[in-house]
Amino acid sequence: MNDTLTNDTADDDTADDDTAGSDAVDQILGQWARVRPDVDCSAMGVAGRISRASRLLEKGIKEYFGGHDLEPWEFDVLATLFRSNPDHRLCMSDLATAAMVSSAALTNRVDRLVVKGLVHREVSPSNRRMVLITLTGEGRAVVDALLAGHVANEERLLAALTDEDRERLSGLLCKLLTSLGDVGSC
């Protein structure tokens with residue numbers, strides 16, 4: 001993918017009148033069509049839009065959690081523990097899998113959440129090689145307090161899409177993720 005497709009702004013000087021109402025990716029694809037009409041850059045357009053949408057969604061989510069002195073990754077770990085089981089406890093390897101992060105990244109994240117008093121770390125009494133992470137009462141309260149607002153924020157971010165659009169897009173993204181090696185089924 002060409003890095004120019006992931007920029008947050010397009011070069012307004014290159015926009016043609018016939019691209020009014022189109023996005024920056026359309027403008028960039030138009031430029032490629034003019035200079036290299038022999039190359040089909042449509043895949044670049046799809047990848048560029050996915051990348052741009054991801055960044056814009058992440059920005060909106062980060063702004064919401066930032067208003068509550070929390071990072072999105074902190075909420076992700078807390079929410080993963082919250083929804084995992086009635087004890088709100090997982091071993092590190094299961095938590096890493098469920099939170100979709102590496103073990104190394106999770107260790108750093110758990111360290112920071114322990115300092116904040118949102119999770120508790122302990123060695124498993126049945127297997128001293130296993131480390132258990134448990135959501136504290138304060139951690140549960142954070143998830144309870146922010147979940148509805150988080151979902152409302154995501155609704156706001158996706159407001160341009162109808163329910164049918166969302167269902168179709170979700171299915172297509174699931175198909176793409178699976179083809180790229182992501183786990184799970186659609």
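Each value in this text was obtained by applying a stated rule to the coordinates, not by laboratory testing. None of these values were measured; they are calculated from a predicted model. Cβ coordinates were reconstructed from backbone atoms using ideal geometry, including for glycine residues, and neighbour counts include every protein chain displayed.
When +1 charges are put on Lys and Arg Cβ atoms and -1 charges on Asp and Glu Cβ atoms, the dipole computed for the chain relative to its Cα centre reaches about 1260 debye. Amide H contacts under 5 Å for MET130: SER124, restricted to partners 5 or more places along the chain or on a different chain, H placed in the peptide plane at 1.01 Å from N. When shorter helices are ignored and each DSSP H run of at least 4 residues is given -39500 (n - 2.57), the per-residue value for the chain at 222 nm works out to -19500 deg cm²/dmol. Per the Cα gyration tensor, the chain maps to an equivalent ellipsoid with semi-axes of 40, 19, 15 Å, ordered largest to smallest. Relative contact order for the chain: 16 percent, from Cα pairs under 8 Å spaced at least 6 residues apart, divided by residue count. Note on HIS68/ASN108: beta-carbon distance plugged into 1/(1 + (r/R0)^6) with R0 of 22 Å gives a FRET efficiency of 0.55. Given axes a ≥ b ≥ c from the Cα gyration tensor, I'd like to know whether the stretch 63-131 is rounded (a/c under 1.5), prolate (a/b larger than b/c) or oblate. Note, shape of the stretch 63-131 comes out prolate. Here the stretch 19-89 and the stretch 129-186 have alpha carbon centers that stand 13 Å from each other. Computed from phi, the 3J(HN,Hα) profile of the stretch 59-66 under the Karplus parametrisation 6.51, -1.76, 1.60 (θ = phi - 60°) reads 4, x, 6, 4, 4, 4, 5, x Hz, with x in place of Gly and Pro.
Listed values for the stretch 168-176 are Karplus-derived 3J(HN,Hα) couplings in whole Hz (6.51 cos²θ - 1.76 cosθ + 1.60, θ = phi - 60°), namely 5, 4, 4, x, 5, 5, 4, 4, 5, and x replaces Gly and Pro. Distances between placed amide hydrogens fall under 5 Å for THR136 paired with VAL119, HIS120, all partners being 5 or more residues away or on another chain.
Once you have the Kirkwood Rh of the stretch 121-169 from its Cα pairs, apply Stokes-Einstein at 10 °C and 1.306 mPa s and quote D in µm²/s.
112
Packing, as the average of other Cβ atoms within 10 Å across residues, places the peptides 143-153, 86-96 in the order 86-96, 143-153, highest first. Here the Karplus relation 6.51 cos²θ - 1.76 cosθ + 1.60, evaluated at θ = phi - 60°, turns the backbone of the stretch 37-52 into coupling constants of x, 7, 10, 7, 9, 4, 5, 4, x, 5, 4, x, 5, 4, 5, 5 Hz, with x for every Gly and Pro.
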